[in-house]
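Here is the structure we will look at.
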Amino acid sequence: MNESQVASFYPEPNENLPESSEVSLPRLGKAIESLFTLEELETLCFNLDIKYENIPGETLARKARELVNYFQRRHRLNVLLQALYDERPNYDWQAIRRGPDDPPSVGPDDSAILLSPKADQTSSIIAGKSFTALIRLMREPTVNSAVATFRADFETTSRQISLMNEYKLLHDFFQKLETIYLMLTNEANRLATDESAWDSIELHEAELQSQINDIIRETRQMSLEKSENQWVSQLEKVRDTIHQAVNNLEYDGLKQGLFQLTRILNRQPTRINAQLVAIARVLKLATLEKAIHTICESLTSAGIELKLVAQIEEGMGALSGLESRLNSLVHEHDRWQSIDDELRRVEGVLGESVDDLRFAWEDIYPMTLALCNKQEEWASQIKESCDGLSDALNKTDEKGPVVVRRYFRQYRTRVNHRFRRVDTELLALCLNLQKVGESLDLLLRSLG
């Protein structure tokens with residue numbers, strides 16, 4: 001079969017749809033509003049496995065806008081576009097293209113992708129295109145049958161990648177909440193000497209309300225066990241406590257609400273991060289690699305030799321690279337987490353005595369050195385701090401504890417910086433993997 005035959009028998013997918021990056025989100029929302037009733041929109045959400053009741057708003061315009069935002073935040077806008085096209089194929093979907101005056105259709109956290117290595121971004125794009133290319137071949141019975149064989153694997157991986165993004169969203173929402181909380185706390189501390197601080201507090205409290213509502217909405221849209229989201233009701237109570245205190249200008253009520261919020265912020269972001277890492281740990285991209293290999297063998301056996309097949313095969317190498325990168329980051333993240341747990345335990349009593357640190361250092365020191373066996377600046381700096389802290393711990397003079405605490409602070413700061421960097425790269429890789437997840441979802445839709 002030559003390439004001209006390919007073009008006619010295996011047409012480009014979504015040829016009547018613009019790419020998600022070319023879409024004007026406001027125009028898309030207005031198109032949905034004009035094409036669907038509220039009842040039809042509810043049916044569409046059901047078919048997309050979306051909880052309609054958790055889409056904010058009562059009016060059709062608000063529901064349509066929030067539905068677009070839902071898919072945009074999850075990096076699944078192409079899935080929504082395909083579902084809309086399936087329901088309204090006669091509509092001119094090119095009309096939703098972004099015009100010269102429209103803002104670009106980027107997600108709220110897309111900037112994080114720029115922090116990831118270029119290789120991660122490239123591999124994710126190649127792997128995603130591999131599954132998109134398969135969609136073009138789904139009219140071939142051999143391909144359809146082979147893809148159907150791996151349907152369960154595709155669905156499992158798609159759910160895992162999607163859930164990673166859900167936790168990434170919550171992670172980002174909590175970061176914004178913490179920023180607002182700090183501003184609100186600073187203004188609350190100013191109340192003791194300046195009653196006019198209530199004006200600023202009122203503004204920050206409105207932002208706090210909005211951010212907490214976003215977190216609650218996102219959590220309810222996730223498929224979590226009740227035991228996993230009991231903190232949501234606590235967050236609702238905190239929101240109401242602070243709101244009432246600000247409305248009534250009650251200083252004690254505000255301090256109580258902020259104290260309760262402090263407890264949540266000290267626990268929940270860490271737990272969310274741990275849940276994201278736990279999913280990353282069990283995500284097996286090698287399963288997808290094996291599926292592509294088997295499908296390509298089926299294509300070869302069927303006598304199909306095309307450039308399109310070569311594009312599909314490229315996905316195997318890309319997935320292998322992503323799997324290796326993911327495993328490496330998860331492994332390093334876990335080891336830094338173990339060190340961080342030990343450091344949190346000893347630093348609580350470090351002001352009274354350095355004895356706990358001296359005993360714990362026998363374990364912490366080799367754990368740290370094992371992570372710093374790289375020729376990079378961060379590794380050299382941490383090793384330098386390790387050596388300085390080790391020497392200080394071995395001294396017995398009167399100034400010993402003072403020197404120990406100084407070197408510990410330096411060591412702690414550098415370890416924190418590296419831990420945060422690994423965490424950031426893992427979160428960025430999670431975003432990059434959404435390209436694979438979206439392509440998988442589109443492939444699964446083509447199976448029916």
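Please treat every number below as a calculation from the coordinates, not as lab data. Everything numeric here is computed off the predicted structure, so don't read it as measured data. Heads up, the Cβs are rebuilt from the backbone with ideal geometry, glycines too, and the neighbour counts pull from every protein chain shown.
Pulled fully out, how much extra length does the chain show between Glu250 and Ala197, if you take 0.36 nm times their separation in residues and subtract their Cα-Cα distance?
Once the chain is fully extended between Glu250 and Ala197, it gains 17.8 nm.
Tell me which DSSP H helices of the chain clear both cut-offs, 27 Å or more of axial length from alpha-carbon atoms and a mean Kyte-Doolittle hydropathy of at least 0.0.
Answer set is 118-136.
Calculate the dipole size of segment 23-96 relative to its Cα centre from +1 charges on Lys and Arg beta carbons and -1 charges on Asp and Glu beta carbons; express the result in debye to the nearest 20.
420
Using the beta-carbon distance between Phe259 and Arg159 and R0 = 45 Å, what value does 1/(1 + (r/R0)^6) give for FRET efficiency, to the nearest 0.05?
The computed FRET efficiency comes out at 0.75.
Would you kindly calculate the mean projected area, averaged across all directions, of the convex hull enclosing the Cα atoms of the chain, in square nanometres?
So the mean shadow area of the Cα hull is 27.4 nm².
Among 133-143, 352-362, what's the highest-first ranking by average C-beta atoms within 10 angstrom per residue?
Ranking, from highest mean packing down: 133-143, 352-362.
How high is the relative contact order of segment 23-96, in percent, with contacts defined as C-alpha pairs under 8 Å that are six or more residues apart?
Relative contact order comes out at 40 percent.
Relative contact order of the chain, please, whole-number percent, based on alpha carbon pairs below 8 angstrom and at least 6 residues apart.
For the chain, the relative contact order is 25 percent.
For an R0 of 30 angstrom, estimate the FRET efficiency from the Cβ-Cβ distance between Arg421 and Phe359 and round to the nearest 0.05.
Working: r = 29 Å, r/R0 = 0.96.
It comes to 0.55.
What is the order of His243, His204, His417, His75, fewest Cβ neighbours within 10 Å to most?
His417, His243, His204, His75
How would Tyr52, Tyr411 line up from fewest to most surrounding beta-carbon atoms within 10 angstrom?
Ordered by Cβ neighbours within 10 Å, fewest first: Tyr52, Tyr411.
Measure off 7 Å from each Cα along the Cα-to-Cβ vector at Arg271 and Val402, then give the distance between these two points in nanometres to one decimal.
About 4.3 nm separates the two model spin labels.
Which of the pairs Lys307/Lys435; Lys118/Lys176; Lys118/Lys435; Lys118/Lys374; Lys129/Lys435 have their Cα atoms more than 18 Å apart in this structure?
Exceeds cut-off: Lys307/Lys435; Lys118/Lys176; Lys118/Lys374.
Could you work out [θ]222 nm for the chain from helices alone, using -39500 (n - 2.57) per DSSP H run of at least four and dividing by all its residues? Round to the nearest 500 deg cm²/dmol.
My calculation for the chain gives -26000 deg cm²/dmol from helical runs alone.
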